[in-house]
Amino acid sequence: MNHIWDKIFLALLIIGGLNWGLVGIFEFDLVAWLFGGAASVLSRIVYILVAISAIWCSTLLFRLGDETSEEIRAVG
């Protein structure tokens, strides 16, 4: 079940990263443009979801190491 959440949050994190790339390169905030400005409720929800995704995906750094260790123990 965690793998589904991992993929959802990773997709949101990629969207957020691409949006920040657009902001940095072109000074264009796609999320704000799509949802009526950076202060709109929908834009803020997207920003919050991206932030939650970043927190969730940061746990992957620790979980991936644990899964690899378990696989090595199962094979060995």
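The values are calculated or read from the model by the stated rules, or taken from the named source; none is laboratory data. For clarity, every value in this text was computed on a predicted model and none was experimentally measured. Glycine also receives a Cβ, built like all others from the backbone with ideal geometry; neighbour counts cover every protein chain displayed.
Within segment 1-59, count every residue that is among the acidic types (Asp, Glu) and in a helix (DSSP H, G or I).
Our first condition is that a residue be among the acidic types (Asp, Glu); within segment 1-59, this holds for 6, 27, 29.
Among the residues that remain, those that are also in a helix (DSSP H, G or I) are: 6.
Residues flagged as among the acidic types (Asp, Glu) and in a helix (DSSP H, G or I) within segment 1-59 amount to 1.
Which one is farthest from the chain's Cα centre (by Cα), of the residues in segment 41-56 that are β-branched (Val, Ile, Thr) and surrounded by fewer than 16 Cβ atoms within 10 Å (Cβ to Cβ)?
We begin by selecting, within segment 41-56, every residue β-branched (Val, Ile, Thr); these are 41, 45-46, 48, 50, 52, 55.
The next check asks that each one be surrounded by fewer than 16 Cβ atoms within 10 Å (Cβ to Cβ); those that pass are 41, 45, 48, 52, 55.
Working: VAL41: 19, ILE45: 13, ILE48: 10, ILE52: 7, ILE55: 8 Å.
So, considering only residues that are β-branched (Val, Ile, Thr) and surrounded by fewer than 16 Cβ atoms within 10 Å (Cβ to Cβ), the one farthest from the chain's Cα centre (by Cα) is VAL41.
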Output for segment 23-40, where each listed residue is exposed (fewer than 12 other Cβ atoms within 10 Å of the Cβ) and among the aliphatic types (A, V, I, L, M): ILE25, ALA39
Would you be able to tell me the number of residues in segment 1-28 that are charged (D, E, K, R) and without any contact (Cβ under 8 Å) to a residue 12 or more places away in the chain? 2
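Does ALA74 satisfy the criteria of being out of contact with any His (no Cβ under 9 Å at 6 or more places or on another chain), at pLDDT 90 or above and loosely packed, with under 14 Cβ neighbours inside 10 Å?
Details: out of contact with any His (no Cβ under 9 Å at 6 or more places or on another chain): yes; at pLDDT 90 or above: no; loosely packed, with under 14 Cβ neighbours inside 10 Å: yes.
No; evaluated as a whole, the condition is false for this residue.
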